[in-house]
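Data block below; observations after.
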Amino acid sequence: MTKLISLWVLLVAFAGVAFAQTGDAPAPAPPVPDARKQCTEAMNADPAFAAAIVKIADEKAAAKRDADTLAAHTDAVAHVQKNERHVVYAYAAMWIIAAAFVLFLWRRQQALNAEIASLRRDLDAAAGAGAGTKERA
């Protein structure tokens, strides 16, 4: 079956090539020597035509500059918005770390205050017990 399909495709391809070659296609135009020079001379011969060409070129260039500027600004806004999220996350992380550090210092200070109070009680108790033994002696 695949041989039959391959043969059919090959036959259709050759028939298409043969049919395309037998048509009366117009002969390509011979190249014009110095076509650019002739065009430039024709444009410069009529000042109104030259001014119209320059005006159209300037308008197209201005439109392209405007489109490029708008695209650059839109791209910059997208980058700022994308990076702004990261800045917000960084500030949030720094505030959380700072708050945790302050909380840690507060708890440590409370523990130190409790230890100082305990040492004062022990010192007062020791001083009181030492004074009581001096009186007995």
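Does segment 124-134 include one or more residues that are on the phi < 0 side of the Ramachandran plot, surrounded by 10 or more Cβ atoms within 10 Å (Cβ to Cβ) and not in a helix (DSSP H, G or I)?
Among the residues of segment 124-134, not one is on the phi < 0 side of the Ramachandran plot, surrounded by 10 or more Cβ atoms within 10 Å (Cβ to Cβ) and not in a helix (DSSP H, G or I), which makes the answer no.
Pairs needed: first member in segment 53-72, more than 21 Å from Thr40 (Cβ to Cβ) and at pLDDT 95 or above; second member anywhere, of a type in the set (Phe, Trp, Tyr) and part of a helix (DSSP H, G or I); C-beta distance under 8 Å; at least 6 residues apart or different chains.
none
The values are calculated or read from the model by the stated rules, or taken from the named source; none is laboratory data. Because the structure is a prediction, the values reported are computed rather than measured. Don't worry about glycine lacking a Cβ; one is built from the backbone with ideal geometry, like all the others, and counts go over all protein chains shown.
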